[in-house]
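The values are calculated or read from the model by the stated rules, or taken from the named source; none is laboratory data. Here the structure is a predicted model, which means the values were calculated and not measured. FYI the Cβ positions are ideal-geometry reconstructions off the backbone, even for glycines, and counts take in every protein chain you see. These accessible areas exclude ligands, DNA and RNA; they are computed on the full protein's heavy atoms, side chains included. Shrake-Rupley method; radii C 1.70, N 1.55, O 1.52, S 1.80 Å.
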Amino acid sequence: MRAHRLTLPVLVAAASLLSAPVATATAAPDVEWVEAFSPDGTITQVPVPPALEAPEKRSGAGEVAGEVAAEVVPIQETGAPGDRFDLVFVGDGYAEGDLPAYRRDAESKWEELSAVEPFKTYKQYFNVWRVDVISPESGVDNDPSLGTARDTAMDMGFWCQGRDLATERLLCVDEAAARRYAALAPQADQVIALGNTSKYGGAGGGVATAAGGNESAGQIAVHELGHSIGGLADEYEYPYERYAGAEPWELNVTADASGGKWASYLGKESPDGGVVGFYEGARYYRYGLYRPTENSIMRTLGREFNLIGLDVMAEAFKARIPELGAERVAGPAVVQLGDRWPGSERSGS
């Protein structure tokens, strides 16, 4: 993901992907944190042992890692990759006869994602690519039960490929393999790996995963684009207790208990419900960090983005898309930015 510099009147920050808790002195070196999603929308971080790399892992369909090949099909192509945000779907566990199902799965996930603001407003500035990866076998590992093995291109599996026996819904993938296939597209700003399964599951990260055949799993992609487009922090508070560090750079979290970071928004109604204020618990800490609203999609799947998140992503699109940047008004007031979104009327005015 390219980093973009976003300028708002309240702060200047570099947007980048954040998908794991901030490292601490107590973090175990042999554990990686993976973002996990529950069917009820709850988001958390799960520690799992790191994946072991095979010396010469095959990438499916007889290809050695690094020599992948697959057809790339545009779901939507609206401009040059350097002037657009490029979203790439790759599929795992789809044999040749499953490709029609994969096409439906990818298109339905894009339709769901592009119905949510701000992606609905900026839909025409996405390129969306589908990489038709063919696996030797259908399905993913540990589906329907733990121990079920499938020969697939990207080794996707529940229970995080068997590495976390406590979290069935954690659907992990060989990220290096997924990136190799995604690199076949003209550009890849965010990669979403869809598994050929209807069982709920997914995982966050630079390569986000989702169950292709599960209707509820599409919300994972919405959340992940909050990270990759806007550099938004997660707004949930697990697994740490009290934060004692410097002011976070992300625009949607703060260590300032007054909410001064988004002062121009205070008291405004937000599309995710409720009023912009300062709510304790954010960026993996229960205490000492605050979020703008009680429950946005950066905290719980199925919600809307809050006003701060919407405007940060709008600025990111302007920074990336030439025609949007040309129309940009220098130094707009934050309150004017917030007024563009449905449900953002000022509370009490």
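First measure r as the distance between the Cβ atoms of Glu247 and Arg286, then evaluate 1/(1 + (r/R0)^6) with R0 = 22 Å and state the FRET efficiency to the nearest 0.05. Write down the numbers at each step before the final one.
On the way: r = 18 Å, r/R0 = 0.82.
Using R0 = 22 Å, I get an efficiency of 0.75.
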- Mind checking the full-extension length gain between Glu77 and Glu96? Use 0.36 nm per residue of separation minus the Cα-Cα distance, one decimal, nm. 4.4 nm
- Task: Pull up the cross-link candidates among the lysines for Lys268, meaning alpha carbon to alpha carbon under 30 Å and not fewer than 8 places away within one chain.
- Result: Lys120, Lys123, Lys318
- Overall Cα dimensions of segment 79-132 - principal axes, largest extent first, Å: 35, 23, 13
- Task: With θ set to phi - 60°, apply the Karplus curve 6.51 cos²θ - 1.76 cosθ + 1.60 along segment 194-206 and write out the HN-Hα couplings as whole Hz, x wherever there is a Gly or Pro.
- Result: 9, x, 7, 7, 9, 6, 4, x, x, 7, x, x, x
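Order of 273-281, 72-80 by packing, highest average Cβ count within 10 Å first? Mind dumping the intermediate values first?
On the way: 273-281: 17.8, 72-80: 14.7.
Ranking, from highest mean packing down: 273-281, 72-80.
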- Most to least packed among 115-128, 88-101 [average Cβ atoms within 10 Å]: 88-101, 115-128
- Item | Three-way shape call for segment 45-195 based on the alpha-carbon gyration tensor, with the a/c threshold at 1.5 | prolate
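Does segment 135-183 come out rounded, prolate or oblate by the C-alpha gyration tensor, with a ≥ b ≥ c the root eigenvalues, rounded set by a/c under 1.5 and, if not, prolate when a/b is larger than b/c and oblate if not?
Details: a/c = 3.03, a/b = 1.46, b/c = 2.08.
Judged from the Cα gyration tensor, segment 135-183 comes out oblate (a/c at least 1.5, b/c at or above a/b).
Quick check on segment 143-249: of the DSSP beta bridges with both residues there, what percent are antiparallel, nearest 5%? Intermediate results must be reported in sequence, preceding the final value.
Values: 3 of 9 bridges.
Roughly 35 percent of the DSSP beta bridges within segment 143-249 come out antiparallel.
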- Relative packing of peptides 255-261, 136-142, 30-36 - highest average C-beta neighbours within 10 Å first: 136-142, 30-36, 255-261
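Going by accessible area, probe 1.4 Å, with all protein chains left in place, what is the ranking of Arg320, Arg163, largest first? Walk me through the numbers before you get to the answer.
Working: Arg320 20, Arg163 50 Å².
Heavy-atom accessible area, descending, gives Arg163, Arg320.
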